[in-house]
1. Looking only at region 107-129, how many residues end up being free of Cβ contacts under 8 Å to residues at least 40 places away in the same chain, within 15 Å of ligand 1 (Cβ to nearest atom) and either in a loop (DSSP other than H, G, I, E, B) or touching an Asp or Glu at 6+ places or on another chain (Cβ under 8 Å) (or both)?
2. Hey, any hits in region 74-83 for a residue that's at pLDDT below 95, within 19 Å of Asp22 (Cα to Cα) and either of a type outside the set (Phe, Trp, Tyr) or away from ligand 2 (no atom under 16 Å from the Cβ) (or both)?
3. Just checking, which of Arg73, Arg119, Arg114, Arg62 is out of contact with any strand residue (DSSP E or B) (no Cβ under 9 Å at 6 or more places or on another chain) and within 27 Å of Pro6 (Cα to Cα)?
4. Of these, Arg15, Arg62, Arg73, which one is exposed (fewer than 12 other Cβ atoms within 10 Å of the Cβ), without any contact (Cβ under 8 Å) to a residue 60 or more places away in the chain and under 17 Å from the mean Cα position of the chain (by Cα)?
5. Scan region 102-127 for residues that are farther than 27 Å from Thr26 by Cβ and within 18 Å of the chain's Cα centre (by Cα) and jot them down.
6. Within region 104-127, restricting attention to residues that are farther than 17 Å from Asn89 by Cα and more than 9 Å from ligand 2 (Cβ to nearest atom), which residue is surrounded by the most Cβ atoms within 10 Å (Cβ to Cβ)?
7. Regarding region 78-87, can at least one residue be identified that is touching a residue at least 60 places away in the same chain (Cβ under 8 Å) and crowded, with 19+ Cβ neighbours inside 10 Å?
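The values are calculated or read from the model by the stated rules, or taken from the named source; none is laboratory data. This is a predicted model, so every value here is computed, not measured. Every residue, glycine among them, receives a Cβ derived from its backbone with ideal geometry; neighbour counts consider all protein chains shown.
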Amino acid sequence: MAVHVPAGWFVVAERALYNGRDRVDTTRGCRQWTGATDDGGYGMLCLKDHRDPTVTQWKTYRVHRLVFILAIRQADIPRWIDVSHLCHNRLCFQLSHLNLEPRKINRERTKCNRDRQCRHHVGYPDCLL
Ligand SMILES: [Zn+2]
Ligand SMILES: [Zn+2]
């Protein structure tokens, strides 16, 4: 069942995400997160949890997943769906560099990055290498 998210939450989230502290790399087109990061090297952002009507709870989002949450205007992305970085830059949150896909495809991309060559992914976009 779809979770209702107040429209105002998306506005607040967008403001927090595109706060002018990010940098766009003009050579690769990556939008580089310059805020907090987690242990895995992914951009991290704390927002008030829209599921809590009293708004006392905060929730930590990975920035690259939050971009998609905002793009599709949903409460969350199911855990079993990965948001892959086509550019292999974990700090990037450029929507066109991200893709929703199964973990299997994301794992294939790890090999592409290691070999610095995309071996193509049937039904999914190529890596940006
Ligand atoms: Zn990128
Ligand atoms: Zn690839």
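1. So the answer is 2.
2. Scanning region 74-83 turns up no residue that is at pLDDT below 95, within 19 Å of Asp22 (Cα to Cα) and either of a type outside the set (Phe, Trp, Tyr) or away from ligand 2 (no atom under 16 Å from the Cβ) (or both).
3. Arg73
4. Criteria check complete, one pass: Arg15.
5. Result: Pro102, Arg103, Lys104, Ile105, Arg107.
6. Filtering first and then ranking leaves Lys104.
7. no
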